[in-house]
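So the structure is just underneath, and the comments pick up after that.
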Amino acid sequence: MNTTENPWQKIDSTVVYDNPWIQVRHENVIIPNGKKGIYGVAHFKNKAAVVLPVDEENNTWLVGQYRYTLEEYTWEIPMGGGALSSDSLEGAKRELKEETGMEAERYTYIGKIHTSNSVTDEFGLLYLAEGLSFGESEPDDTEILSLRKVHLSEAVRMVMDSEITDSLSVAAILKVARLKNI
């Protein structure tokens, strides 16, 4: 199989929903076996900027908030969206300051994650923030946030016990724990 050639053929595409953040399309396609099929695509108009703050003792800070789509309270790491053309690192810095009040001396890019690549093109860019300084948070009007300090090993346990389920948070926590041999 040629891994660089797309085995799918798009017949047509219809936008069925559109707002400033997402667009949903219904597409008629020819599937890889040559038969006609359909596909739904959720196109994200922003990219996620995700940042895991870690201090000298390997503590990190989790952000708690009620997620409307899940109808439940979740623990995550600081993150937010920015235009596809925006600087992701600047977005990560902004989100860290907004959600925790923190700033960092050093930021390290740790990877790119596709959140659910079977139905959406959403992706997030992950950063590690170190050399932390603390100030006042500045959450968005839509955010009522709690902040929780935990050791990175506790965050890993929370991931493994499905107490942290956000895919971007899971990936960043596990990647940083691996990088730091925790």
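Which residue pairs have Cβ atoms under 6 Å apart, sit 6 or more places apart or on different chains, and have a first residue in the range 152-174 that is hydroxyl-bearing (Ser, Thr, Tyr) and a second that is assigned to a loop (DSSP other than H, G, I, E, B)?
Within 6 Å, the pairs are Ser153/Ile182; Ser167/Thr115; Ser169/Ile77.
Report yes if Gly111 is within 14 Å of Gly81 (Cα to Cα), of a type in the set (Gly, Ala, Ser) and in the same structural domain as Glu56 (by TED's automatic domain parsing), otherwise no.
Values: within 14 Å of Gly81 (Cα to Cα): no; of a type in the set (Gly, Ala, Ser): yes; in the same structural domain as Glu56 (by TED's automatic domain parsing): yes.
Against the criterion (within 14 Å of Gly81 (Cα to Cα), of a type in the set (Gly, Ala, Ser) and in the same structural domain as Glu56 (by TED's automatic domain parsing)), Gly111 does not qualify.
Could you run through the range 141-169 and say how many residues are part of a helix (DSSP H, G or I), under 19 Å from the mean Cα position of the chain (by Cα) and of a type in the set (S, T, N, Q)? Break it down stepwise before answering.
Our first condition is that a residue be part of a helix (DSSP H, G or I); within the range 141-169, this holds for 152-160, 167-169.
Now drop any that are not under 19 Å from the mean Cα position of the chain (by Cα), which leaves 152, 155-156, 158-160, 167-169.
Those still in the list that are of a type in the set (S, T, N, Q) too: 167, 169.
The total comes to 2.
When Gly80 is evaluated against the numbered criteria (1) surrounded by fewer than 18 Cβ atoms within 10 Å (Cβ to Cβ); (2) modelled with pLDDT under 95; (3) in a strand (DSSP E or B), which criterion, by number, is the only one it fails?
Single failed check for Gly80: (1).
Considering (1) within 14 Å of the chain's Cα centre (by Cα); (2) surrounded by 12 or more Cβ atoms within 10 Å (Cβ to Cβ), say which one Glu138 fails and leave the rest.
Glu138 satisfies all of (1) within 14 Å of the chain's Cα centre (by Cα); (2) surrounded by 12 or more Cβ atoms within 10 Å (Cβ to Cβ) except (1).
Answer yes if at least one residue in the range 52-61 is at pLDDT below 95, surrounded by 15 or more Cβ atoms within 10 Å (Cβ to Cβ) and in a strand (DSSP E or B), and no otherwise.
Taking every residue of the range 52-61 in turn, none turns out to be at pLDDT below 95, surrounded by 15 or more Cβ atoms within 10 Å (Cβ to Cβ) and in a strand (DSSP E or B).
When you scan the range 6-34, how many residues do you find that are hydrophobic (A, V, I, L, M, F, W, C), assigned to a strand (DSSP E or B), out of contact with any His (no Cβ under 8 Å at 6 or more places or on another chain) and surrounded by 12 or more Cβ atoms within 10 Å (Cβ to Cβ)?
Residues flagged as hydrophobic (A, V, I, L, M, F, W, C), assigned to a strand (DSSP E or B), out of contact with any His (no Cβ under 8 Å at 6 or more places or on another chain) and surrounded by 12 or more Cβ atoms within 10 Å (Cβ to Cβ) within the range 6-34 amount to 2.
Taking the range 1-51, which residues are touching a residue at least 60 places away in the same chain (Cβ under 8 Å) and of a type in the set (Val, Ile, Thr)?
Kept after step one, since they are touching a residue at least 60 places away in the same chain (Cβ under 8 Å), are these residues of the range 1-51: 21, 40-44, 47-51.
Those that are touching a residue at least 60 places away in the same chain (Cβ under 8 Å) and of a type in the set (Val, Ile, Thr): Val41, Val50, Val51.
Only residues that are in a strand (DSSP E or B), more than 24 Å from Trp61 (Cβ to Cβ) and either acidic (Asp, Glu) or touching a residue at least 12 places away in the same chain (Cβ under 8 Å) (or both): list them for the range 114-129, please. Break it down stepwise before answering.
Of the residues in the range 114-129, the ones in a strand (DSSP E or B) are 114, 120, 123-129.
Subset that is more than 24 Å from Trp61 (Cβ to Cβ): 114, 120.
Selection gives Thr120 alone.
The values are calculated or read from the model by the stated rules, or taken from the named source; none is laboratory data. Quantities reported herein were computed from a predicted structural model and do not represent experimental measurements. Here Cβ is always computed from backbone atoms with ideal geometry, including for glycine, and neighbour counts include all displayed protein chains.
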